[in-house]
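First comes the structure, then the notes that go with it.
Quick note: the coordinates plus some simple rules give every number you see, no bench work behind them. Remember, it's a predicted structure, so these values are computed and weren't measured experimentally. Reconstructed Cβ throughout: ideal geometry from the backbone, glycine too, with neighbour counts over all protein chains shown.
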Amino acid sequence: MAGAPVRRTRFAPSPTGLLHLGHAYAALVAQHSADPGQFLLRIEDIDRDRCRPEYEAAIYADLAWLGLTWQQPVMRQSDRMAAYRDALARLAPLTYPCRCRRGDIRAALSAPQEGALPAGPDGLVYPGTCRVRRLSDAEPGDVIRLDAARAFDALGRDHVAFRDQAILPGQNHALFRDQFLNGIGDVILSRRGMGTSYHLAVVVDDAAQDITVVTRGKDLFDATWVHVLLQRLLDLPTPLYHHHRLIRDDAGKRLAKRDDGRAIRHYRDDGATPQDIRRLIGF
Ligand code: GLU
């Protein structure tokens, strides 16, 4: 008889700063959710302008200090460009080049409406200005976007769905086509000068690493709709998700890399133990 499926998780930090208490919590949740020996680390370093080798070295050192161990070798997204290119080529019929800058998008959205502009996981919902353009007409400096309406049509589905072991466990979370088009829209699959985007890289890599449980902060819940759509389009399995709580500062604000004062490194330098860190984040 087949046993329960292997629970394989990953912690996927970007080396753009020192890890803070929120990262410690995310890494511990990921390891805790994995079967023995099935916890992986992935360095998300596609943004070459912001990533630094010293931050990558600090990630390894701080995680080891916290008592975490992970499978070797560590996957680094900067080594995976060929895989992202392949995935982008497979999605080509559903994509288009876009030259709009943030200001263009804001202006196009402001014209027909007053009040708050529609925003999704990547910020403003793209109004579709460049949707008529063809990939063959792409110009240097363009980004590549997914035509979400054509994607749903190609799949012949009216929704995307996933399960979350932390939020309403055992039930499907579903988002309908129109909700996707109005609230998320045509996301970027290849950023200017990057050859990929967070969404595309994470989907390709979670599948390549056979991740069966994706653990990450609740702030990424809405990005998961994009990932599930991409999984369907690329014929990749949808893992189980676990969107966990966020660690906040005393004012209730989510910690960010720029909140250097909360860096694990600084607590270490002040003589804190790994147990102190766990206590601080309630793990
Ligand atoms: N690299 C992402 C971050 O640092 C995490 C991505 C994910 O877990 O899907 O926020």
Completion exercise
The size of the Cβ-based charge dipole (Lys, Arg +1; Asp, Glu -1) of segment 142-283 about the Cα centre, to the nearest 20 debye, is 340 debye
Handout entry: Cα-centre dipole for the chain with unit charges at Cβ (Lys and Arg positive, Asp and Glu negative), debye to 20
Key = 120 debye
Problem - Cα centroid separation - segment 113-179 against segment 66-108, whole Å - result: 15 Å
Exercise for the section: Could you check what % of the DSSP bridge pairs in segment 152-256 are antiparallel, to the nearest 5? Expected result: 50 percent
Exercise for the section: Take segment 1-157, compute every pairwise Cα distance, and split them into 10 Å bins from 0; I just need the percent in each bin. Expected result: 9, 25, 26, 26, 13, 1, 0
Completion exercise
Length-normalised contact order of segment 102-213, Cα under 8 Å, at least 6 apart, in percent, tallies to 27 percent
Problem - Computed over segment 50-157: relative contact order in percent, which uses C-alpha pairs under 8 Å that are six or more apart - result: 33 percent
Fill in the blank from the handout: Mean separation of Cα contacts under 8 Å (at least 6 apart) over the residue count of the chain, i.e. the relative contact order in percent, is 25 percent
Practice task
Take the Cα atoms of the chain, find their three principal axes, and give me the spread along each one in whole Å, biggest first.
Solution key: 58, 52, 36
Completion exercise
For the chain, whose charge dipole is built from +1 on Lys and Arg Cβ atoms and -1 on Asp and Glu Cβ atoms, the candidate among C130, A201, P36 with its Cα farthest towards the positive end is C130
Exercise for the section: Kindly provide the pair-distance distribution of segment 1-91 built from C-alpha pairs, with 5 Å bins from 0 and whole-percent values in order of increasing distance. Expected result: 2, 13, 21, 21, 17, 13, 8, 4, 1, 0, 0
Completion exercise
At q = 0.25, 0.27 1/Å the base-10 log of I(q)/I(0) from the Debye formula over the alpha-carbon atoms of segment 77-142 is -1.12, -1.17
Completion exercise
In vacuo Debye sum over C-alpha of segment 157-283, base-10 log of normalised intensity I(q)/I(0) at q = 0.10, 0.18, 0.20 Å⁻¹, listed in q order, is -0.44, -1.08, -1.19
Exercise for the section: Return one number: the angle in degrees, 0 to 90 and rounded to the nearest 10, between the long axis of the Cα atoms of helix 81-91 and the longest principal axis of the Cα atoms of the chain. Expected result: 40 degrees
Fill in the blank from the handout: Nearest 10, in degrees from 0 to 90: the angle of helix 221-234 to the longest Cα principal axis of the chain is 60 degrees
Problem - Listed residue (A83, A166, A148) projecting farthest to the positive dipole end of segment 66-195, Cβ model - result: A83
Exercise for the section: Provide, for q = 0.13, 0.19 Å⁻¹, the log10 of I(q)/I(0) from a solvent-free Debye sum over equal Cα point scatterers in segment 129-176. Expected result: -0.52, -0.75
Exercise for the section: Would you mind checking the tilt of helix 21-32 against the longest principal axis of the Cα atoms of the chain, expressed as 0 to 90 degrees and rounded to 10? Expected result: 90 degrees
Practice task
Could you order peptides 69-79, 164-174, 3-13, 220-230 by the average number of other Cβ atoms within 10 Å of their residues, highest first?
Solution key: 220-230, 3-13, 69-79, 164-174
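Report Rg(Cα)/(2.2 N^0.38 Å) for segment 149-219, keeping two decimals.
Working: Rg = 14.1 Å, N = 71, 2.2 N^0.38 = 11.1 Å.
Relative to the rule-of-thumb radius for its length, segment 149-219 sits at 1.27.
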Handout entry: Cα extents of segment 95-182 along the three principal axes, largest first (Å)
Key = 45, 35, 20
